[in-house]
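Enquirer: Below you'll find the structure I mean.
The values are calculated or read from the model by the stated rules, or taken from the named source; none is laboratory data. Given the structure is predicted, the values throughout are model-derived calculations rather than measurements. With ideal geometry, Cβ positions are generated from the backbone for all residues, glycine too; neighbour counts draw on all protein chains shown. Heads up: the accessible areas ignore ligands, DNA and RNA and are worked out on the full protein's heavy atoms, side chains in. Shrake-Rupley method; radii C 1.70, N 1.55, O 1.52, S 1.80 Å.
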Amino acid sequence: MHIRATVAAVVGALALSALVVPAAQAADAPSGKQAFSSASADADTGTTASTLDVTFSNVKVNSGKNIVVGTTNVVSVPVTFTVTHAADLDTSSDNFATGPLIYHGSSLDAADNVLISDDPATCTAASSTVLNCKGVISIRPADGDLFNSDAGTWGAGALAVTSDDAEKTQGGLGTTKVQRYSKLTVNAGPEPVSKGKTITSTGKLSRANWEDNAYHGYTGQPVKLQFRKAGTSTYTTVKTVTSDQYGNLKATATAQYDGYWRFSFAGTTTTPAVNATGDYVDVR
């Protein structure tokens, strides 16, 4: 969810600390969005926690793949990372919790959006001072977790907290891309068509709008018209057209063989590549 970058570290630490308090206090501890909200309010008082002597490394977000987010479905992003800590630090689950985060901005301190795991990561000890951890960051576009301006490159980091309120948040541990889910359609005709006549393919390139949870045309984008002859497996580019102000596409070609016509979009930093499902045209 969106949080103020100036309180990113405290928000994250307190959100996790709500999960490691003693059981008797758990009923009174905020969780989920309430934890973030109350932590943000606490941070405005100027209260600071002691720094936890741990470091994070080897952060890998979504197995190295871009994160593609639509308009309604929750996207669960797996993150693996390593925690290095002092040998005398108690890392049992009732004292210590850690989790991954991603942020939009040039640094964690300058971020305009930070997304943090809902629950602590699961960690296994590789040695007396090293933990290998796996966490999940859930992105909920329908709940306002993202603005359209958030599409693009994000930084990666992690945080940890102990039951006595020591905490550590660290950014600059890698990057990932968060992209707006794209859709592409095609309709080729007439069907059937005589050899040598014109085939007209129409379609639309659209992408997720995270601010109104709908799909809108992606305008001014180069899109390839491609053809695959029946009985073959490879598409060949025939020409490139540009999506109009509504994301609509139109391209013509000469009918020569039976086969499939499709549009293909190569993608941008903010929007993933997508191919339309080929539309078969019978040439007679």
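Enquirer: Round to a whole angstrom and tell me the spacing of the C-alpha centers of the stretch 225-267 and the stretch 47-101.
Expert: 44
Enquirer: Given all pairs of different Cα atoms, what value in angstroms does the Kirkwood hydrodynamic radius of the stretch 98-144 take?
Expert: When all Cα pairs of the stretch 98-144 are included, the Kirkwood radius is 12.3 Å.
Enquirer: Another question, then. If you rank Tyr215, Tyr257 by how much accessible surface each has, with a 1.4 Å probe, what is the order from largest down?
Expert: Per-residue accessible area, sorted high to low, gives Tyr257, Tyr215.
Enquirer: Could the peptides 95-101, 277-283, 164-170 be put in order, highest first, of the mean number of other beta-carbon atoms found within 10 Å of their residues?
Expert: 95-101, 164-170, 277-283
Enquirer: Tally up the carbon and sulfur contribution to the accessible surface of the stretch 158-284 as a whole percent, 1.4 Å probe, everything protein left in place.
Expert: 44
Enquirer: So what's the stretch 156-284 giving for Rg/Rh, alpha carbon basis, Kirkwood Rh from the mean inverse pair distance?
Expert: Ratio of gyration radius to Kirkwood radius: 1.26.
Enquirer: Residue by residue through the stretch 241-253, which ³J(HN,Hα) values in whole Hz follow from phi under the Karplus form 6.51 cos²θ - 1.76 cosθ + 1.60 (θ = phi - 60°), with glycine and proline marked x?
Expert: 10, 10, 5, 7, 5, 10, x, 6, 10, 8, 8, 10, 7
Enquirer: Okay, moving on. Amide H neighbours of Lys183 under 5 Å, at least 5 residues apart or on other chains, H built in the peptide plane: list them.
Expert: Ser206, Arg207
Enquirer: Ignoring ligands, DNA and RNA, how do Arg262, Arg140 rank by accessible area with a 1.4 Å probe, largest first?
Expert: Ranking Arg262, Arg140 by accessible area, largest first, yields Arg140, Arg262.
Enquirer: Rounded to the nearest 20 debye, what is the charge dipole size of the stretch 54-200 about its Cα centre when +1 sits on each Lys and Arg Cβ and -1 on each Asp and Glu Cβ?
Expert: Using Cβ point charges on Lys, Arg, Asp and Glu, the stretch 54-200 gives about 1280 debye.
Enquirer: Also: If Lys and Arg each add +1 and Asp and Glu each add -1, what is the summed charge of the other residues whose beta carbon sits under 10 Å from the beta carbon of Arg207?
Expert: Within the 10 Å Cβ shell, the charges total +2.
Enquirer: A follow-up question, please. Kindly sort Lys183, Lys250, Lys177 by accessible area of their heavy atoms, largest first, with the probe set to 1.4 Å.
Expert: Largest accessible area first, the residues go Lys250, Lys183, Lys177.
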